[in-house]
1. Name the residues in the stretch B:196-211 that are of a type outside the set (S, T, Y) and either in contact (Cβ under 8 Å) with a residue 40 or more places away in the chain or facing chain A (nearest Cβ under 9 Å) (or both), would you?
2. Can you confirm whether the stretch B:96-104 contains a residue that is within 30 Å of A:A11 (Cβ to Cβ), within 14 Å of another protein chain (Cβ to nearest Cβ) and out of contact with any Phe, Trp or Tyr (no Cβ under 7 Å at 6 or more places or on another chain)?
3. Scan the stretch B:107-117 residue by residue and report those that are more than 9 Å from chain A (Cβ to nearest Cβ) and either over 19 Å from B:S70 (Cα atoms) or among the polar types (S, T, N, Q) (or both).
4. Only one of these is touching a Pro at 6+ places or on another chain (Cβ under 7 Å) and in a helix (DSSP H, G or I): B:L132, B:L146. Name it.
5. Name the single residue that is farthest from the other protein chains (Cβ to nearest Cβ) among those in the stretch A:1-34 being surrounded by 13 or more Cβ atoms within 10 Å (Cβ to Cβ) and either in contact with a strand residue (DSSP E or B) (Cβ under 6 Å, 6 or more places away or on another chain) or not in a helix (DSSP H, G or I) (or both).
6. For the stretch B:230-246, how many residues are surrounded by fewer than 20 Cβ atoms within 10 Å (Cβ to Cβ) and closer than 12 Å to B:S97 by Cβ?
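Values in this text are rule-based calculations from the coordinates and carry no lab data. Bear in mind that the values here come from a model prediction, so they are computed numbers and not experimental data. Here Cβ is always computed from backbone atoms with ideal geometry, including for glycine, and neighbour counts include all displayed protein chains.
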Amino acid sequence: MHWNSAAEFFAMGGYALYVWGSFGITAAVMAIEVLLLSRQRARVLRNLRDELRSEGGPT
Amino acid sequence: MTTRAIHWFKFASPQNFYGLAGRLWPWFAALAAALMAVGLWISFFVAPTDAQQGQGYRIIFVHVPASQMSMFIYVVMAFWAGLGLAFNTRLSGMMASALAPTGALFAFLSLITGALWGKPMWGAWWVWDARLTSELILLFLYLGFLALQSSIDDPRRADKAGAVLALVGVVNVPIIYFSVQWWNTLHQGASVSLTRAPSMASTMLWGMLIMVVAFWMYTIAVALVRVRSIILERERHTEWVKHALE
């Protein structure tokens, strides 16, 4: 362990902006992609169900 | 149907692959989450401070995996695209389409984390160095692929046009990879290579490799989820989709 305190950990030896910026953006991009994927799936399912219903539905 | 041999071609049909992908993606997602947890732990608490770059080098644990994935995904995407072009298989084009957005995101992350690393170490967010420029071209190739596909309404024609672009663009991947050897770049050479011992502490190396595998698992999981949506949309007029929705 190379950190003597939480403050030292968050300061990242003076590179806080760069290190946390990199990890933060990566985490944010992945979170957004996952969110968009679940919304895409919900949208596709909703559209297909609507289409199916307007066709008179399955017999 | 009595034979127990695995019929790989069975999964070339979108219907069968839809089910397979649905069963597989949670495993890849779980692996990605677990490996990322371990990788992050090593990144911040196990890997030592770098002698030259202090704590700033820790960006490597996201920069290298993101950059590698941006290149690998392109090659895999071009492979599927080429397969679709050669054999006219429907699923191949869907796989290529499912991979492209994630590849574009990793190319973007590679450039952003690279800028955040370049600023404190080189004193510049960006330089027109061969490595950086060819990676930027990779991002444009992804965006071009996505734009081209979305501009063509007929999915099969969109697949073909996209496949040609993907295959032509694949020449850029070895250029990125070898750019640090071919040209005098500000960007450093490879830290890890197959032919010589890695030039970094073993815990740093392990942390990086675990993050690389974690990003692989993440990519496979999101590509499988995305391809399921693509399959549903493109196969909407088939009986099996109608039954699956009930």
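1. Looking only at the stretch B:196-211, we keep the residues that are of a type outside the set (S, T, Y), and these are B:196-198, B:200-201, B:204-211.
Hits for the stretch B:196-211 are B:A201, B:M204, B:W206, B:G207, B:M208, B:I210, B:M211.
2. Step one: list which residues in the stretch B:96-104 are within 30 Å of A:A11 (Cβ to Cβ), which gives none.
No; the residues of the stretch B:96-104 include none that is within 30 Å of A:A11 (Cβ to Cβ), within 14 Å of another protein chain (Cβ to nearest Cβ) and out of contact with any Phe, Trp or Tyr (no Cβ under 7 Å at 6 or more places or on another chain).
3. Across the stretch B:107-117, the qualifying residue is only B:S110.
4. Selected residue: B:L146, the only one of B:L132, B:L146 that is touching a Pro at 6+ places or on another chain (Cβ under 7 Å) and in a helix (DSSP H, G or I).
5. A:W3
6. Going through the stretch B:230-246 one residue at a time, the tally reaches 2.
Each row is one residue, and each column tells you yes or no for (1) within 14 Å of another protein chain (Cβ to nearest Cβ); (2) within 24 Å of B:A51 (Cα to Cα).
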{"position": "B:V164", "(1), (2)": "no, no"}
{"position": "B:V170", "(1), (2)": "no, no"}
{"position": "B:V180", "(1), (2)": "no, yes"}
{"position": "B:V213", "(1), (2)": "no, no"}
{"position": "B:W216", "(1), (2)": "yes, no"}
{"position": "B:R226", "(1), (2)": "yes, no"}
{"position": "B:S229", "(1), (2)": "yes, no"}
{"position": "B:E235", "(1), (2)": "yes, no"}
{"position": "B:K242", "(1), (2)": "yes, no"}
